[in-house]
1. Can you tell me which of K542, K507, K524 is in a helix (DSSP H, G or I), open to solvent by 60 Å² or more (accessible area, probe 1.4 Å) and either without any contact (Cβ under 8 Å) to a residue 40 or more places away in the chain or out of contact with any Asp or Glu (no Cβ under 8 Å at 6 or more places or on another chain) (or both)?
2. Among the residues of segment 238-258, which ones are surrounded by 14 or more Cβ atoms within 10 Å (Cβ to Cβ) and either part of a helix (DSSP H, G or I) or at pLDDT 90 or above (or both)?
3. Among H161, H187, which is touching a helix residue (DSSP H, G or I) at 6+ places or on another chain (Cβ under 8 Å) and modelled with pLDDT of 90 or more?
4. Quickly run through segment 491-534 and pick out the residues that are farther than 30 Å from D435 by Cα and either touching a Lys or Arg at 6+ places or on another chain (Cβ under 6 Å) or polar (S, T, N, Q) (or both).
5. Looking only at segment 298-341, which residues are touching a His at 6+ places or on another chain (Cβ under 7 Å), surrounded by 15 or more Cβ atoms within 10 Å (Cβ to Cβ) and either closer than 23 Å to P235 by Cα or of a type outside the set (A, V, I, L, M, F, W, C) (or both)?
6. Provide a single number: the residues in segment 533-563 that are of a type outside the set (K, R) and within 45 Å of the chain's Cα centre (by Cα).
7. Can you tell me which of V42, V55, V24 is open to solvent by less than 50 Å² (accessible area, probe 1.4 Å) and of a type in the set (V, I, T)?
8. I want to confirm something. Restricting to segment 632-674 and keeping residues that are outside any strand (DSSP E or B), touching a strand residue (DSSP E or B) at 6+ places or on another chain (Cβ under 9 Å) and within 23 Å of L720 (Cα to Cα), which single residue is least open to solvent (accessible area, probe 1.4 Å)?
Amino acid sequence: MSYPLVFTKEERHEAAELLQRLRVAIAPYLHEGDEQHVRDFVRESLRNNEIQRDVFGLNPITMSFQTALLAIEEEGLKRDGVLAIILYTCVAGGRRSIDEIGKAFGQDVATIIHGLVRIQELYKKNPVIESENFRNLLLSFAEDMRVILIMIADRVNLMRHIRDTRNEEAKRQVSEEASYLYAPLAHKLGLYKLKSELEDLSLKYLEHDAYYLIREKLSATKKDRDAYIEKFIGPVKQRLTEAGLHFHIKGRTKSIHSIWQKMKKQKCGFEGVYDLFAIRIIIESGNEERGAGSDNSIRTREHALCWQAFAIVTNMYQGNPKRLRDWLSVPKSNGYESLHITVLGPEQKWVEVQIRTERMDEVAERGLAAHWRYKGVKSGGGMDEWLAQIRTALENSDGRMMMDEFKMGLYEDEVYVFTPRGDLLKFPKGATVLDFAYHIHSRVGNECTGARINNKVVPFRYELQSGDQVEIVTSSNQSPKQDWLSIVKTSHARAKIRQALKVTQMKEATMAKELLERRMKNRKIEWDESVMNQLVKKLGYKETHDFYKHIASGQLDVNHALDRYVELQQQLNGQAPPQQPLQSAEEFVFENPNEEMVYSNDDVIIIDKNLKGVDFQLAKCCHPIYGDKVFGFVTAGGGIKIHRHDCPNAPEMRRRFGYRIVRAAWSGKGSSQYSIVLHIVGNDDIGIVNNVTSIISKEEKIMMRNINIDSHDGLFSGNLTVNVDDTARLEQLIKKLRTVKGVKQVTRI
């Protein structure tokens with residue numbers, strides 16, 4: 001049950017104060033009516049109980065005001081970002097649509113909120129957030145760079161307010177996300193100040209004892225540390241001033257998290273970390289007063305000033321060359337430029353010195369957001385080209401274009417998808433469900449028939465999209481096919497498919513070879529490997545496994561192959577094949593034309609869904625056999641006759657006696673054989689009937705019972721009665737008969 005959000009007295013006072021600060025900060029950027037529209041949206045959402053306190057009991061309205069101020073001061077966001085932060089609470093309530101936001105405040109605000117909503121939907125899939133993949137997926141889902149900046153600001157603000165919460169589990173989860181996800185994102189964007197705060201607060205909540213141990217140590221040594229910094233800085237200030245440089249110097253203690261990481265890495269105590277603090281020399285380059293100038297001239301002037309200060313410091317104190325970091329010549333991809341050197345100061349203590357200009361310092365503090373605002377200052381060699389394009393985009397106030405450029409070359413060739421457990425996997429763009437299945441396990445890939453993606457069934461050819469949650473559907477009857485190689489995108493899946501196909505080919509070859517050997521034994525034919533190899537070539541196969549594959553699948557009749565084998569063997573042995581008297585169809589007479597058509601019946605049929613053991617008879621009008629689609633018809637005497645669905649009498653029975661029709665289906669296979677009649681038509685060539693009857697006689701579990709053939713005008717037609725087990729064996733026989741040269745038609749009556 002939801003309750004209205006009631007402001008405490010303190011919250012009302014705080015909200016009013018925050019709102020006034022916000023108004024001052026972004027007043028120049030607001031459109032006419034913005035403030036009143038925001039008030040109306042928020043008040044209506046409050047009246048409808050759409051805004052509730054979060055799991056920590058915090059007020060979402062005051063939290064959004066605090067996040068907005070943080071985003072303005074630390075990240076440089078303006079109107080669209082601030083409005084999106086405040087209005088998101090209204091949309092998250094469920095009744096306000098993004099379209100409404102777009103109409104009232106503009107498409108940019110709506111796009112930012114849409115990005116925030118999409119990312120919240122990702123969280124519902126229970127992702128494993130401790131991965132670079134999830135960070136990349138967030139970036140690809142954000143749509144607008146300001147979405148990422150808002151997420152970071154929101155998490156910093158939340159971490160500042162959950163110290164005293166009783167919900168320890170939620171605090172732990174939020175802290176882990178800050179450490180694994182948001183701090184690395186802030187680092188990627190060069191937001192080092194926010195990154196350090198996130199890391200310190202995460203350590204405070206996750207490793208309480210370590211955090212307070214280091215903090216107490218830092219407090220105890222603060223007086224001595226400040227005195228040492230002054231002792232180090234004094235002579236440096238004097239030399240820099242004498243050189244005519246305009247500058248200011250900051251002394252900065254390393255973050256608690258950074259110290260803790262060093263203690264773990266170096267396996268030492270607090271006292272073993274020698275570079276606890278850094279000195280930052282920030283040079284006033286005077287670019288603004290002198291005019292922008294050309295890109296190269298600005299860059300050259302700034303670099304010259306930094307190197308001049310570097311030379312002064314290293315002349316005064318011995319430097320450690322192994323600790324030199326030159327991010328002037330090759331800036332970091334997030335725009336960071338600076339010179340770092342560690343020198344041996346007074347009392348033989350190591351001190352890290354950072355040298356940069358005012359512009360570089362703001363970039364270091366605010367990351368990309370600050371970097372973008374400096375027109376005409378391009379980065380040096382090694383800077384990613386897309387960074388300069390993002391900067392231009394921000395200057396044109398197009399946040400969506402910024403996001404596109406930020407992702408350019410990083411994620412356009414990759415997709416990120418979830419497993420049902422929330423693990424996140426990366427695949428190349430164009431990868432399919434089959435790629436995913438083979439990534440899980442080769443057996444899962446081999447038996448893959450499709451997938452359920454976001455609760456929708458899709459085929460295994462479906463191309464994965466970022467954010468999909470994939471559950472593979474398998475079947476033990478499935479097996480890899482040759483065309484799967486053209487469906488998959490990853491080399492891993494392709495290799496597994498080839499491996500499975502090779503195993504299948506080996507099994508097929510073994511089965512086919514066993515079949516050939518068994519038939520040869522029955523016909524008392526001797527196996528000769530050299531003759532078999534020549535037979536393979538004679539039949540047009542380049543590879544032996546293709547020959548065996550066609551034998552196993554029935555594409556090549558085993559009896560035809562053996563006949564050719566015998567002919568080839570006799571030719572190689574210098575023997576002429578025995579000549580058998582050939583007859584025309586007109587002269588052909590079957591030895592036992594009057595033999596009765598019979599069948600045994602121990603197969604099982606289920607009548608009307610679940611009735612077994614009911615007496616039935618097979619209708620003589622359509623002769624159903626095991627495997628046919630059938631139905632039951634209750635006769636006048638109360639018995640049941642089984643008819644094929646395509647029985648010639650079926651339409652009339654359904655029309656006149658629909659109430660007497662019952663469902664029927666084959667359930668169990670026994671040893672039954674069924675007599676069926678095949679009608680065959682063809683050219684009356686010498687020997688054609690011999691070829692037809694030869695095929696039937698060589699088939700296992702098929703017996704010819706009757707044959708009746710007429711011939712005139714060079715054509716023959718007639719009926720063959722044979723006993724077969726089921727429709728599968730019947731279809732295989734029909735297929736082989738149709739391959740006989742001269743046979744035009746074979747149909748079942």
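1. Values: K542 fails: in a helix (DSSP H, G or I); K524 fails: in a helix (DSSP H, G or I).
Just a single option satisfies the conditions, and that option is K507.
2. Within segment 238-258, R239, L240, L245, F247, I249, I256, H257, S258 meet the criteria.
3. Numbers: H187 fails: modelled with pLDDT of 90 or more.
H161 is the lone residue from the list that is touching a helix residue (DSSP H, G or I) at 6+ places or on another chain (Cβ under 8 Å) and modelled with pLDDT of 90 or more.
4. N522, S530, N533, Q534 - these are the residues of segment 491-534 that are farther than 30 Å from D435 by Cα and either touching a Lys or Arg at 6+ places or on another chain (Cβ under 6 Å) or polar (S, T, N, Q) (or both).
5. Once the filter is applied, which keeps residues that are touching a His at 6+ places or on another chain (Cβ under 7 Å), surrounded by 15 or more Cβ atoms within 10 Å (Cβ to Cβ) and either closer than 23 Å to P235 by Cα or of a type outside the set (A, V, I, L, M, F, W, C) (or both), segment 298-341 yields only G335.
6. Of the residues in that region, 17 qualify.
7. Step by step, each of V42, V55, V24 is checked, and only V42 is open to solvent by less than 50 Å² (accessible area, probe 1.4 Å) and of a type in the set (V, I, T).
8. C647
The values are calculated or read from the model by the stated rules, or taken from the named source; none is laboratory data. In this text the structure is predicted, and so the values were computed from the model without any measurement. Glycine also receives a Cβ, built like all others from the backbone with ideal geometry; neighbour counts cover every protein chain displayed. Heavy atoms of the whole protein, side chains included, go into the accessibility calculation; ligands, DNA and RNA do not. Shrake-Rupley method; radii C 1.70, N 1.55, O 1.52, S 1.80 Å.
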